[in-house]
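We did not get these values from a lab; they are worked out from the coordinates using the rules stated. For clarity, every value in this text was computed on a predicted model and none was experimentally measured. Here the Cβ is made from the backbone with ideal geometry for all residues, glycine too, and neighbour counts use every protein chain on show.
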Amino acid sequence: MSKPVLQIENLCKSFTLGKRDINALSNLNLQVNAGEFVAIMGPSGSGKTTLLNVIGCIDKATSGQVLLDGIDVGSMPESQLYKIRRDKMGFVFQTFNLLPYLNARENVELPMEGKIKSKTERKKRASELLAMVGLSGRENHRPQRLSAGEQQRVAIARALANNPAIILADEPTGNLDSQNKQEIIKLLANLNLTQGTTIIMVTHDSQAANHTERMLLLKDGKIVKEKEGLHLAKKNNKCPNCGSTIQMNDETCPACKKPIFSSDELFST
Amino acid sequence: MAIMISIPAGVLANQQTATDLASNLSNTITQTGQSINQTLTQIDCSLASSFSGFGFQAPNSTNFDRSQLGQSGQGSGTGRTFDPSQFGGGGTRGQFGGGAFGGGQASPMNQTLYNDINSSISGVVAVEPILQASEGNNETMSMFGRTFTRQITSYTIEGIPLTSDLIDNYPILTTNITAGRNLQAGDSGVVLLSENNSAYFNADVGDTIQILDQDFTVIGIHGTSSVSDQLTLYMNLSDAQSVTNNTGYITSFRVFAQNSDVVTQVARSISSLHSELTVTTGQERLTQLQTLQSTYNTALDSAQASIGQTQTTAFEEIIVVVAATSLIVLFVMLYTVRERTKEIGTLKAIGFSNSTVMGQFMLEGILLSVIAGVVGIAIGIVAAPALSSLLLPSINLFGNTAAAGFTRNVMPTAAASVNLELVLIAFGASVALGALGSLYPAWRAAKIRPAEAMKYE
Ligand SMILES: Nc1ncnc2c1ncn2[C@@H]1O[C@H](COP(=O)(O)OP(=O)(O)OP(=O)(O)O)[C@@H](O)[C@H]1O
Ligand SMILES: [Mg+2]
């Protein structure tokens, strides 16, 4: 019943470096349904960031088709694309990329500026989003006063600002310690569960990837492997550890008593 | 950067000051020349400098320093282009000391020694003995790390003999009475103040003032009729002699000749009878004045040329500064855009349009030039007067030795004020050029690829 929010057909992307052509993506096909939590893995240089850039409309495909919510973005001019990025996409970066001279709330308000006219409404929504990522009371703090994990939460709130069709996260836990890494993955998983946000996350971390519902392995610009993640079990109300039935909001499995998302064996590093 | 605009603007403002100054002095010279013309039968006599103290026996001076007698004019050198001692006051009062121009070497002399002038020289119809003394104090000021001391004259007492014979027949009184009445024959214990004196003593007609501890009633106020009498108060000679503790002494006298044909002969006779005297006829003073006038005109021409030159330079500076503003904004903004590539990429990735980014950076560039402008103007308003007077040495044509009375009362303030209108125009221009200068950096910012946001350092 869920409809595809992203359809990629025969996507090719090549860069020209001097006389050499680098095929970052070659004949890649991918379909992501609304509400999916997808991890993209793969060795360095396999084209993960390139793929995310093309999906996020910050880079153009060399050939092939990219449909977002059924819209062919490949043929769109820049004068239209910024609206797709603003309204349909939410970016989360490895380096957070918050504006240092704006406070948390103002950072979250940024993407709304071209969209929501009323300043009070923007403020209200930004505060709600910050509460959703667990940062109530920190609205007026500038990035330098926030920890790395908190900064990434602000960035996630900012990505959610315009209620995007897809959250694109490139190594969102790459600059975080294991404690914060866990919390951010949990936050993304929760957003996916409770808000139904579609998330495509690039990660090198197989344990983080395991907490999504679908893992894709990229190699030389192609998807070479696909695997289910633990998150799928939770979505199906099954304990990922013992398989018994659980409720949506359960933190621990009523049967095996193990924590459902942060079991030690999954995040032991 | 606007400090660089304010200073030349201050220099430009000074031009007005110089022009005022020029016309003011021109008028004065013409005025003085006219009054000299009317009094060609007069001969002014005072002690030549080398005879200072001749016939002078120091009386017991208690309350008045005799060394101040007639010393308000400060020039004494010869061969100076602008020697105040040559600039006598003409037919109006105050030839010997008093004003800036009225200097000369008036030294106290024993009145009785000169009784023979009236009796033994033919062609002399009257002699008017005069006592002139100035009261004032020294003022020390520091400018540009140097210290200048100048004498500030508070007022000059001029005692004239108030006899009906002299008053009725010779122009010994000032004529320009603005309040009260003029001095009359037989007046004593009364004083005729200048407008400056009136302000200094805070006294009006009918008030009683104290001069050197004696009471005098203000009988009238005289307007100025030459530069030399602005600080001069007139009283009976005997009053002046007693109040300054100089009974029997005068500082100069004026001889009236029968007619203009005998003036030269009379002057020669005076000189041969009293070789210690400096004898100046009205005709000689007129000649001196004309020499001075031409010297002054030459100086003024060169001053104006130099001001004109400075003005041109100031305009050029403003153009350069305004152009520099846009270059500074250009480079600062280019640097900013380069430094903030990732931030700009992020803004574009989260949905900012090219035009929004461009507008943002234009605004920043304009803000930059506005802030710089406001700060610069604030500094410039403070610094410009001092700096522009350094840039305008010709304003000091009259030098610090051009006595205080003159500086204070005749010369318009030479310190520059900033020409606000010009500063605003230059400010506007620099802001406009600042906007122009941020155009390219802003365009560069708009062209940054959103994928830059993905890079990590
Ligand atoms: N702007 C570019 N110009 C030239 N080549 C590029 C450009 N961007 C990416 N590439 C090349 O495309 C290939 C894929 O790069 P991409 O950044 O997508 O890899 P990645 O999987 O994200 O790697 P990493 O895990 O190191 O981030 C690489 O060989 C890279 O060198
Ligand atoms: Mg990458």
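Applying 1/(1 + (r/R0)^6) with r as the Cβ-Cβ distance of A:LEU102 and B:THR312 and R0 = 60 angstrom yields a FRET efficiency of 0.75. Taking 31 Å as the limit for the C-alpha separation, the pairs A:LYS119/B:LYS348; A:LYS19/A:LYS219; A:LYS48/A:LYS119; A:LYS222/A:LYS258 exceed it in the case of A:LYS48/A:LYS119; A:LYS222/A:LYS258. Between B:ASP213 and B:SER120, the FRET efficiency from the beta-carbon distance, with R0 = 45 Å, is close to 0.70. Only aspartates and glutamates eight or more places from A:LYS123 in sequence, or on another chain, were considered; those with a Cα closer than 20 Å are A:ASP87, A:GLU106, A:GLU109, A:GLU113, A:GLU139, A:GLU150.
Peptide B:337-350 shows a mean partner chain C-beta count of 5 within 10 Å per residue C-beta. Per-residue 3J(HN,Hα) values for the stretch B:258-265, derived from phi via the Karplus relation 6.51 cos²θ - 1.76 cosθ + 1.60 with θ = phi - 60°, read 4, 7, 5, 5, 9, 3, 5, 5 Hz in sequence order (x marks Gly and Pro).
What is the distance in Å between the Cα centres of the stretch A:5-19 and the stretch A:78-118? With the stretch A:5-19 and the stretch A:78-118 each reduced to a Cα centre, they are spaced 25 Å. Note on A:LYS119 and B:ALA324: with the Förster distance fixed at 35 Å, the Cβ-Cβ geometry gives a FRET efficiency of about 0.35.
Full extension of the segment from A:ALA131 to A:LEU193, taken as 0.36 nm per residue of separation minus the current Cα-Cα distance, would add 20.6 nm.
Between B:GLN293 and B:ASP261, the simple label model (points 7 Å from Cα in the Cβ direction) yields a spacing of 2.7 nm.
Computed over neighbours whose Cβ is under 15 Å from that of B:ASP207, the net charge equals -2, Lys and Arg +1, Asp and Glu -1.
Take each residue in A:78-88, count the other chain C-beta atoms within 10 Å of its C-beta, and the mean is 4. So for chain A, averaging the separation of alpha carbon pairs under 8 Å that are six or more residues apart and normalising by length, what relative contact order in percent results? Taking the mean separation of contacting Cα pairs over the length of chain A, I get 23 percent. Annotation: peptides B:286-292, B:229-235, A:86-92, ranked by per-residue average of other Cβ atoms within 10 Å with the highest first, follow the order B:229-235, A:86-92, B:286-292.
Over the stretch A:41-190, the reciprocal of the mean inverse Cα-Cα separation, the Kirkwood hydrodynamic radius, stands at 16.2 Å. Per 0.36 nm of contour for each residue apart, how much would the distance between A:GLN65 and A:ILE22 grow if the chain were fully extended, relative to their Cα-Cα spacing? My answer for the length gained is 13.5 nm. Taking 19 Å as the straight-line reach from the Cα of A:LYS257, the lysines in range (excluding those fewer than 8 positions away in the same chain) are A:LYS186, A:LYS234, A:LYS235, A:LYS238.
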